[in-house]
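Novice: Can you read through this structure? Questions will come right after.
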Amino acid sequence: METGVSLTQIEFTNLLTALPGNGNAIGVLIDKVRVEVNSKIVGCIAGDDTILILSKNEEDARMVNEYFQQYLFHVS
């Protein structure tokens, strides 16, 4: 099933793309799950369909990427 969502780690950031018009809502959700990923997310910047997720370092960004990968692409 095509979700229109992609997630790419770039050094200490993750770039999440979504369907047009969903970026800000997803950004709010990401802000709410910071605790679940043990504060590995420093913050995020959301636009219309793109969200930049910032971490302190590459290892934290990798952990964030793995966390979101399991929910975005492995839903049964």
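Novice: So which of GLY23, GLY27 is touching a Cys at 6+ places or on another chain (Cβ under 9 Å) and either surrounded by 15 or more Cβ atoms within 10 Å (Cβ to Cβ) or closer than 19 Å to PHE73 by Cα (or both)? So that I can check it myself, show each step before the final result.
Specialist: Values: GLY23 fails: touching a Cys at 6+ places or on another chain (Cβ under 9 Å).
When all the criteria are applied, what remains is GLY27.
Novice: Can you tell which of ASP31, ASP60 is in a helix (DSSP H, G or I) and either in contact with an Asp or Glu (Cβ under 9 Å, 6 or more places away or on another chain) or under 18 Å from THR8 (Cβ atoms) (or both)?
Specialist: None of the other options fit; the residue is ASP60.
Novice: Within region 38-60, track down each residue that is over 16 Å from LEU7 (Cα atoms) and of a type in the set (Val, Ile, Thr).
Specialist: Within region 38-60, VAL42 is the sole residue that qualifies.
Novice: So, in region 1-20, exactly how many residues are more than 12 Å from LEU72 (Cβ to Cβ) and in contact with a helix residue (DSSP H, G or I) (Cβ under 7 Å, 6 or more places away or on another chain)?
Specialist: The number of residues fulfilling the criteria is 4.
Novice: Also, quick follow-up: Which one of ILE41, ILE53 is in contact with a helix residue (DSSP H, G or I) (Cβ under 7 Å, 6 or more places away or on another chain), outside any loop (DSSP other than H, G, I, E, B) and either charged (D, E, K, R) or within 16 Å of ILE10 (Cβ to Cβ) (or both)?
Specialist: Going through ILE41, ILE53 in turn, just one is in contact with a helix residue (DSSP H, G or I) (Cβ under 7 Å, 6 or more places away or on another chain), outside any loop (DSSP other than H, G, I, E, B) and either charged (D, E, K, R) or within 16 Å of ILE10 (Cβ to Cβ) (or both): ILE53.
Novice: Would you mention how many residues in region 1-20 are outside any strand (DSSP E or B) and either surrounded by fewer than 13 Cβ atoms within 10 Å (Cβ to Cβ) or aliphatic (A, V, I, L, M) (or both)?
Specialist: 9
Novice: Please enumerate the residues belonging to region 30-76 that are small (Gly, Ala, Ser) and either at pLDDT below 95 or surrounded by fewer than 15 Cβ atoms within 10 Å (Cβ to Cβ) (or both).
Specialist: Across region 30-76, the qualifying residues are SER39, GLY43, GLY47, SER76.
The values are calculated or read from the model by the stated rules, or taken from the named source; none is laboratory data. It should be emphasised that the depicted structure is a prediction, and the values quoted were computed from it without experimental measurement. Virtual Cβ from ideal backbone geometry, glycine too; neighbours counted across all protein chains shown.
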